[in-house]
Amino acid sequence: QVRLVESGGGLVQAGGSLRLSCAASGSIFRIHAMGWYRQAPGKQRELVAQITSGGSTKYAGSVKGRFTISRDNAKNTVYLQMNNMKPEDTAVYYCKLEQAGPDYWGQGTQVTVSS
(Lines give C-alpha, C1' and ligand atoms only; values in the text may rest on other atoms or scores of the structure.)
Protein backbone atom coordinates (compact mmCIF):
# COMPACT_ATOMS: atom_id res chain seq x y z
CA GLN A 1 0.00 0.00 0.00
CA VAL A 2 1.16 3.52 -0.82
CA ARG A 3 0.22 6.64 1.06
CA LEU A 4 0.32 10.12 -0.48
CA VAL A 5 0.15 13.07 1.90
CA GLU A 6 -0.52 16.45 0.34
CA SER A 7 -0.03 19.83 1.97
CA GLY A 8 0.18 23.50 1.11
CA GLY A 9 -3.29 24.33 -0.14
CA GLY A 10 -5.24 27.32 1.03
CA LEU A 11 -6.63 30.72 0.13
CA VAL A 12 -4.61 33.24 -1.85
CA GLN A 13 -5.35 36.46 -3.68
CA ALA A 14 -5.01 36.70 -7.43
CA GLY A 15 -1.38 37.27 -8.33
CA GLY A 16 -0.18 35.44 -5.24
CA SER A 17 1.72 32.19 -4.81
CA LEU A 18 1.30 28.83 -3.14
CA ARG A 19 3.49 25.75 -2.94
CA LEU A 20 1.99 22.29 -2.78
CA SER A 21 3.86 19.24 -1.51
CA CYS A 22 3.08 15.55 -1.85
CA ALA A 23 5.07 12.96 0.08
CA ALA A 24 4.81 9.29 -0.87
CA SER A 25 5.46 6.46 1.56
CA GLY A 26 4.83 2.74 1.82
CA SER A 27 5.31 -0.05 -0.71
CA ILE A 28 6.73 2.06 -3.52
CA PHE A 29 8.15 0.24 -6.51
CA ARG A 30 9.83 1.82 -9.47
CA ILE A 31 8.22 5.26 -9.85
CA HIS A 32 7.54 6.25 -13.44
CA ALA A 33 6.13 9.68 -12.74
CA MET A 34 4.44 11.89 -10.18
CA GLY A 35 2.05 14.64 -10.99
CA TRP A 36 -0.62 17.09 -9.96
CA TYR A 37 -4.17 17.11 -11.22
CA ARG A 38 -7.03 19.44 -10.33
CA GLN A 39 -10.78 19.33 -10.37
CA ALA A 40 -12.98 22.40 -10.21
CA PRO A 41 -16.69 22.16 -9.33
CA GLY A 42 -18.68 20.80 -12.24
CA LYS A 43 -15.57 20.04 -14.29
CA GLN A 44 -13.53 16.96 -15.06
CA ARG A 45 -10.23 16.27 -13.36
CA GLU A 46 -7.39 17.58 -15.50
CA LEU A 47 -3.63 17.27 -15.56
CA VAL A 48 -1.81 20.31 -14.22
CA ALA A 49 1.80 19.13 -14.30
CA GLN A 50 3.78 15.91 -14.33
CA ILE A 51 7.42 15.00 -13.78
CA THR A 52 8.95 11.67 -14.74
CA SER A 53 11.64 9.74 -12.91
CA GLY A 54 14.08 11.06 -15.48
CA GLY A 55 13.10 14.65 -14.80
CA SER A 56 11.02 15.35 -17.89
CA THR A 57 8.12 17.68 -17.23
CA LYS A 58 4.76 18.30 -18.81
CA TYR A 59 2.35 21.17 -18.11
CA ALA A 60 -1.18 22.14 -18.97
CA GLY A 61 -1.19 25.08 -21.32
CA SER A 62 -3.14 27.20 -18.83
CA VAL A 63 -0.38 27.01 -16.21
CA LYS A 64 2.74 26.99 -18.36
CA GLY A 65 5.08 29.77 -17.30
CA ARG A 66 3.31 30.22 -13.96
CA PHE A 67 3.58 26.79 -12.28
CA THR A 68 6.71 24.72 -11.75
CA ILE A 69 6.81 21.06 -10.77
CA SER A 70 9.85 19.55 -9.09
CA ARG A 71 10.69 16.46 -7.08
CA ASP A 72 13.05 15.16 -4.45
CA ASN A 73 13.69 11.54 -5.40
CA ALA A 74 15.37 10.73 -2.10
CA LYS A 75 12.23 11.80 -0.24
CA ASN A 76 9.72 10.52 -2.82
CA THR A 77 8.22 14.00 -2.69
CA VAL A 78 6.86 16.15 -5.48
CA TYR A 79 6.26 19.89 -5.30
CA LEU A 80 4.15 22.34 -7.27
CA GLN A 81 5.16 25.98 -7.09
CA MET A 82 2.25 28.12 -8.23
CA ASN A 83 2.93 31.77 -9.03
CA ASN A 84 0.80 34.57 -10.47
CA MET A 85 -2.27 32.63 -9.54
CA LYS A 86 -5.66 33.34 -11.10
CA PRO A 87 -9.23 32.75 -9.89
CA GLU A 88 -9.57 30.04 -12.53
CA ASP A 89 -6.87 28.07 -10.71
CA THR A 90 -9.39 27.45 -7.92
CA ALA A 91 -9.90 23.70 -7.56
CA VAL A 92 -9.11 20.66 -5.48
CA TYR A 93 -5.56 19.61 -6.35
CA TYR A 94 -4.67 15.92 -6.30
CA CYS A 95 -1.27 14.27 -6.32
CA LYS A 96 -0.84 11.12 -8.42
CA LEU A 97 1.92 8.51 -8.34
CA GLU A 98 2.50 6.25 -11.35
CA GLN A 99 4.72 3.26 -10.75
CA ALA A 100 5.44 -0.34 -11.78
CA GLY A 101 2.19 -1.41 -10.15
CA PRO A 102 -1.08 0.32 -9.41
CA ASP A 103 -1.32 4.11 -9.55
CA TYR A 104 -2.17 6.01 -6.39
CA TRP A 105 -3.96 9.28 -5.68
CA GLY A 106 -3.74 11.64 -2.75
CA GLN A 107 -6.79 12.81 -0.84
CA GLY A 108 -6.75 16.25 -2.43
CA THR A 109 -6.08 19.74 -1.12
CA GLN A 110 -8.27 22.77 -1.73
CA VAL A 111 -6.77 25.79 -3.48
CA THR A 112 -8.88 28.93 -3.67
CA VAL A 113 -7.82 32.07 -5.50
CA SER A 114 -9.81 35.20 -4.75
CA SER A 115 -10.15 38.02 -7.25
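The values are calculated or read from the model by the stated rules, or taken from the named source; none is laboratory data. Owing to the predicted nature of the structure, the values given are computational and were not obtained by experimental measurement. Please note: Cβ atoms are built from the backbone with ideal geometry, for glycine as well, and neighbour counts cover all protein chains shown. Accessible surface is based on the protein model in full, side chains and every heavy atom, while ligands, DNA and RNA are left aside. Shrake-Rupley method; radii C 1.70, N 1.55, O 1.52, S 1.80 Å.
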Item to complete: Could you name every one of the strands (runs of 3 or more DSSP E) located completely within region 49-115 that has at least 1 residues being in contact with a Ser or Thr (Cβ under 8 Å, 6 or more places away or on another chain)?
Response: 67-72, 77-82, 91-99, 109-114
Worksheet item: Can you spot a residue in region 20-36 that is open to solvent by 60 Å² or more (accessible area, probe 1.4 Å), touching a strand residue (DSSP E or B) at 6+ places or on another chain (Cβ under 6 Å) and at pLDDT 95 or above?
Response: no
Worksheet, complete the sentence: Picked from region 59-91 (must be of a type outside the set (D, E, K, R) and in contact (Cβ under 8 Å) with a residue 60 or more places away in the chain), the residue most open to solvent (accessible area, probe 1.4 Å) is N84
Worksheet, complete the sentence: G16: passes all of (1) open to solvent by 70 Å² or more (accessible area, probe 1.4 Å); (2) on the phi < 0 side of the Ramachandran plot; (3) outside any strand (DSSP E or B) but (1)
